[in-house]
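Step one of this worksheet: look at the structure below.
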Amino acid sequence: MSLDLLFDPLFRLPFLTGLLLAGLLPLIGMYLRLRGEWLAALAFAQMASAGALVAMVMDGPMLLGGALAALLAAFVKGLMARAGAHAYALMMLFAWGAGVLLVANHPLAEQAGHALFDGQLYFTGEAHLAASVVAWGVALPLLWWLNRSLLLAHVFPEFHRARGLDPRPRLMVFDLLAGMIIALATVSIGVMAAFALVFVPPLVASRFGRSWRAGLVLAAVVGMLGYSAAFVLSLGFDQPFGPVCALLLVGLVVVLSVKSDRL
């Protein structure tokens, strides 16, 4: 296993694409965890995968299909806010059923379906890298703008009502942003790898971060380091990226939990 492979033109572009997403997904995950809505990430990912498969069957761009499906999921989530986890579960079941039926009944969807679920990010192209760069440029200022409202909605939920403000527009903006980024990640690195990077780094940061800002930085660092290690291992041993990434991040949580209990 040689690290020189990372600098090979065939793998350099996918690596950079995934690395950008691995730094951004944990930031989205921090806010989803803050709001108790981490399950929404899996719902968005499943909907994005189904939308990408539908787009491919219709001879359209998978990236666009995934993004539209995730935006629809974010919009439905906003309308069904009171339903909570029930809405996410229904979206996941719907998207999973539609995706599996497409894979089972359409020959073109079979290979793409395996790539989406296994996380074969080696097939990403320049469009995915460009979209990831744009996602960073859009997400950082938006998260900076939304940060105060999202924190106040959690720490002091009566703040907006006391001032006669409606927090729902900003919450909807966050939902749409999360849906778009998770859709891009799903089409680029696969369903479960995207969900693992949304869920696990914030879990680590919530335990070891000393402040909210430190937690954001720690989550992004854990995501990028975990992703890089998973990329090298999956490439070196010729294994699908998604399972390697998920297992490595879960193993990291287990190791850190054991070590912190001994301290």
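All of the numbers you see were taken from the coordinates with simple rules; none came from a lab. The structure presented is a predicted model; accordingly, all values stated were derived computationally and were not measured. Note: ideal-geometry Cβ built from the backbone for every residue, glycine included; neighbour counts use all protein chains shown.
Annotations for the structure displayed:
- In this calculation the C-beta distance from residue 147 to residue 11 is compared with R0 = 51 Å, giving a FRET efficiency of 0.90.
- Restriction of the trypsin sites (Lys or Arg not before Pro) in the range 204-255 to DSSP coil positions whose beta-carbon has at most 14 other beta-carbons within 10 angstrom yields 210.
- Computed E for residue 229/residue 173 - FRET, C-beta separation, R0 45 angstrom, nearest 0.05: 0.85
- Positive minus negative residues near residue 41 (Lys, Arg vs Asp, Glu; Cβ under 12 Å): +1
- Pair residue 250, residue 208: separation of 7 Å Cα→Cβ label points (nm): 2.0
- Residue-by-residue Karplus 3J(HN,Hα) for the range 27-35, coefficients 6.51, -1.76, 1.60, Hz, glycine and proline x: 5, 4, x, 4, 6, 5, 5, 4, 8
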